[in-house]
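Data block below; observations after.
The values are calculated or read from the model by the stated rules, or taken from the named source; none is laboratory data. Worth saying up front: this structure is predicted, and the values here are computed from it rather than measured. All Cβ positions, glycine included, derive from the backbone under ideal geometry; neighbour counts span all protein chains shown. Heads up: the accessible areas ignore ligands, DNA and RNA and are worked out on the full protein's heavy atoms, side chains in. Shrake-Rupley method; radii C 1.70, N 1.55, O 1.52, S 1.80 Å.
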Amino acid sequence: MTAQEESVAGAPDAPAVAPRRSRGANWRYLRNGKVIGGFSILVLLVALGAMHGLIADWIGDGSDPLEVGFGPRMQLPSSEHWLGTDQVGRDELALVVTGLWTSLQVGAVAGLVSTGIGIVVAFLSGYTGGWVDSLLSAITDIFLVIPTIPLLIAYSAFAKEVHLYQLGIILALFSWAAAARAIRSNVLSLRSRPYVDLARVSKLNNLEIIFRELMPNMLPYLVLGFGLSAIGAIFALVGLEVIGLGPSNVIDLGLLINSAVSSGALSLGVWPMFLAPIVAIALIFVGLSLVTLGLEEFFNPRLRRVAGE
Amino acid sequence: VSDAGDAEVILGTVAAAANPSVEKSQLRVLGPRGRVRRTLATHPTAAYVVRRFLLYLVTLWAAISATFFFFRMIPGDPIRVFLQNLQQNHLYGQSAGDEVIKEYSSQFGLDGNVFEQYWRFMQRLVLHGDFGPSLLNYPKSAQGVIASSLPWTIGLLVISTALAWMLGTVLGALAGWRRDSKVAAGITYVSLSLSHIPYYFVALIMIYLFSYKLGIFPSSYAYGVDVAPGFSFGFARSVIEHGMLPALSIVIVVAAECLLGMRQQMITVLGDDYLMLAQAKGLHPYRILRRYAMPNCYLPQVTRLVISLGVVFGGNVLVEQVFTYPGIGHLLVQASQQLDLNVMMGVTDLGVFTVLTATFVMDLVLPLLDPRIAYTRRSVAG
């Protein structure tokens, strides 16, 4: 880390990566402490979420802890209910773990769809150039200004039976533009690098160049885009649910916060109902932000000093 | 016309662009044919403005059309839902005839297929500036309903965004200026985490702290039930008290974002030679900061603000809903629950229009303010 910093301090405008092999990915970004920390938090959360079925079985011990009236209502943490129970007697730990899994899935789906659209549009536009580029850039600009939150509110308020995933996909359909724009500018700069010329001279076709030369070098950038879209999607949907507009057929973290607010858990002093889902969301946020911050530092060496290190 | 003539024409244009000292009379001979094209070729700025304006119009049209079709994709028939509500709540045993439904459908622009609806909607909007009647407040028009709640949103958003921008810019400049101090690092880390928090979380925390726990500020609506709207001291005080928490939740997040941007700008500027010169002249450090370093960071800050207007607008909707503040964000949520399509279109299009117009104006004004940003102006100015 110190060697890296010194080289940056010596030549602040030098490219982040030293001269490298012409082919294959550069994995140096994985050495960043923030990326490692954020990634471990995310892995932990995903593992916890993936085991929500097991945890529920273990807590329920035969009966379903998500069933109304599983235990006494609005309990504080005890040896029986580690995080207490909610206003209808469901076990809070089981609820949070289940909600965590849903929120993670929604974020992943929305992030994947929006990054996917972004990648396709960006590569088509940046690599092809010409009128395709002009057209796609214009379309990107249009989608950049359409405000997504009003659309989501409108859709979810009326279509009560929609699933959270559908909302995630709708969100992604309207929020890929920022990713597309950022990736496109990166494609434009990579396209004119010597190793791409070399690949072209050695008669690789365009798809091969895109997938074997450009993609691996942009991988951290794509992960960055994915992280930002996932954060955006999770927060937008949680926001909808917190103000009581989201679909109520799936348990996710936003719905839990909403039920804590609307059942008056705060004034009754049942803090786990409020705190547990917020901590879970905060952890998702911290994990994803650490990864994206670390990757941003990798791309923009100036930030390394800016972040106060 | 021969090939040689064409080549000459092209050469003329190139010469005009490259060398402004080519005389006007010469240009008239060599320039492209047709009055419009010739004017555009000799006035690159005008050409840029025209092109940018056309792009603005096309983008506006496309964004409005996209939202229109999205809203029409929402399942459900607003008129029937409305009538059902009426029947269940007020008029037991009575039902509306088909003619009534037909009449209202045509008034609300809901008859015919989607493309006919679209055509009539655009006609009404472009020719008369009319979004059609509002379902919530029939027979008031949608734009009338929006206009009556717009002042609250403008007041809230303009004041809090301006405040946040100034706060963030000044603090960001200081944090960049003294970037090695512990305080600056602390401020940066705090705003780094604040800038990622959604507005509604801040809003909820505000309500919990200041409303429930401390009881300083009220948690909902724009003014108290005990005061009558008017130009009185009591009303003004009530409005300020009620606006405090929603404004704070916007200020905190936007200020944090501005601070980070300004800090970044400052740090890039700080290495520049002209600051070294100012230091060598023995100027007071704060004079250097205020008169030399900061002015160069203002424009990127304005650009950043304009670009984030759309996000601010979306976040404002949620904040207003959390505080039941009677602005257009709250109106939008109410309209969505009733499927009041015209009001929904109106609010969304207002957001699109604001963002696009701000970007358009910024694109025109920035080259005038900052000579380093020159689109096609440079060829004129030499």
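Quick grid of which residues meet (1) free of Cβ contacts under 8 Å to residues at least 60 places away in the same chain; (2) at the interface with chain A (Cβ under 10 Å from one of its Cβ atoms); (3) β-branched (Val, Ile, Thr):
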| position | (1), (2), (3) |
| --- | --- |
| B:258 | no, no, no |
| B:303 | no, no, yes |
| B:339 | no, yes, no |
| B:356 | no, yes, no |
| B:362 | no, no, no |
| B:367 | yes, no, no |
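Given B:259, B:309, B:245, which one is over 30 Å from residue B:362 (Cβ atoms) and surrounded by 15 or more Cβ atoms within 10 Å (Cβ to Cβ)?
Going through B:259, B:309, B:245 in turn, just one is over 30 Å from residue B:362 (Cβ atoms) and surrounded by 15 or more Cβ atoms within 10 Å (Cβ to Cβ): B:245.
Only one residue in A:139, A:117 is assigned to a helix (DSSP H, G or I), modelled with pLDDT of 90 or more and open to solvent by 10 Å² or more (accessible area, probe 1.4 Å). Which one?
Matching residue, one of A:139, A:117: A:117.
Say whether the condition of being within 14 Å of chain A (Cβ to nearest Cβ) and more than 27 Å from residue B:318 (Cα to Cα) is met by at least one residue in the stretch B:186-209.
Scanning the stretch B:186-209 turns up at least one residue that is within 14 Å of chain A (Cβ to nearest Cβ) and more than 27 Å from residue B:318 (Cα to Cα).
Under 9 Å between Cβ atoms, which residue pairs at least 6 apart in sequence (or on different chains) link something in the stretch B:125-139 that is touching a residue at least 12 places away in the same chain (Cβ under 8 Å) with a partner that is part of a helix (DSSP H, G or I) and acidic (Asp, Glu)?
Final answer for the pair search is B:125/B:349; B:131/B:349.
Condition check ((1) among the hydrophobic types (A, V, I, L, M, F, W, C); (2) free of Cβ contacts under 8 Å to residues at least 40 places away in the same chain; (3) in contact with a His (Cβ under 7 Å, 6 or more places away or on another chain)) across all residues:
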residue: B:58; (1), (2), (3): yes, yes, no
residue: B:78; (1), (2), (3): no, no, no
residue: B:88; (1), (2), (3): no, yes, no
residue: B:112; (1), (2), (3): no, yes, no
residue: B:115; (1), (2), (3): yes, yes, no
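Out of A:132, A:97, A:88, which single residue is within 24 Å of the chain's Cα centre (by Cα) and either at negative phi or buried (at least 22 other Cβ atoms within 10 Å of the Cβ) (or both)?
Exactly one residue qualifies, and that residue is A:97.
For the condition open to solvent by 60 Å² or more (accessible area, probe 1.4 Å), under 20 Å from residue B:336 (Cα atoms) and in contact (Cβ under 8 Å) with a residue 40 or more places away in the chain, what is the one hit in B:121, B:69, B:108?
B:69
The rows are residues; the columns are (1) hydroxyl-bearing (Ser, Thr, Tyr); (2) more than 21 Å from residue A:152 (Cβ to Cβ).
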{"residue": "B:258", "(1), (2)": "no, yes"}
{"residue": "B:284", "(1), (2)": "no, yes"}
{"residue": "B:287", "(1), (2)": "no, yes"}
{"residue": "B:293", "(1), (2)": "no, yes"}
{"residue": "B:311", "(1), (2)": "no, no"}
{"residue": "B:325", "(1), (2)": "yes, no"}
{"residue": "B:335", "(1), (2)": "no, no"}
{"residue": "B:342", "(1), (2)": "no, no"}
{"residue": "B:345", "(1), (2)": "no, no"}
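Answer yes or no as to whether residue A:125 is in a helix (DSSP H, G or I), of a type in the set (S, T, N, Q) and open to solvent by less than 30 Å² (accessible area, probe 1.4 Å).
yes
State the number of residues belonging to the stretch A:36-80 that are aromatic (Phe, Trp, Tyr) and under 32 Å from the mean Cα position of the chain (by Cα).
2
Within the group A:173, A:167, A:222, A:214, which residue is buried (at least 17 other Cβ atoms within 10 Å of the Cβ), within 14 Å of another protein chain (Cβ to nearest Cβ) and either part of a helix (DSSP H, G or I) or of a type outside the set (Val, Ile, Thr) (or both)?
Matching residue, one of A:173, A:167, A:222, A:214: A:167.
State yes or no: is residue B:228 small (Gly, Ala, Ser), surrounded by fewer than 18 Cβ atoms within 10 Å (Cβ to Cβ) and more than 14 Å from chain A (Cβ to nearest Cβ)?
yes
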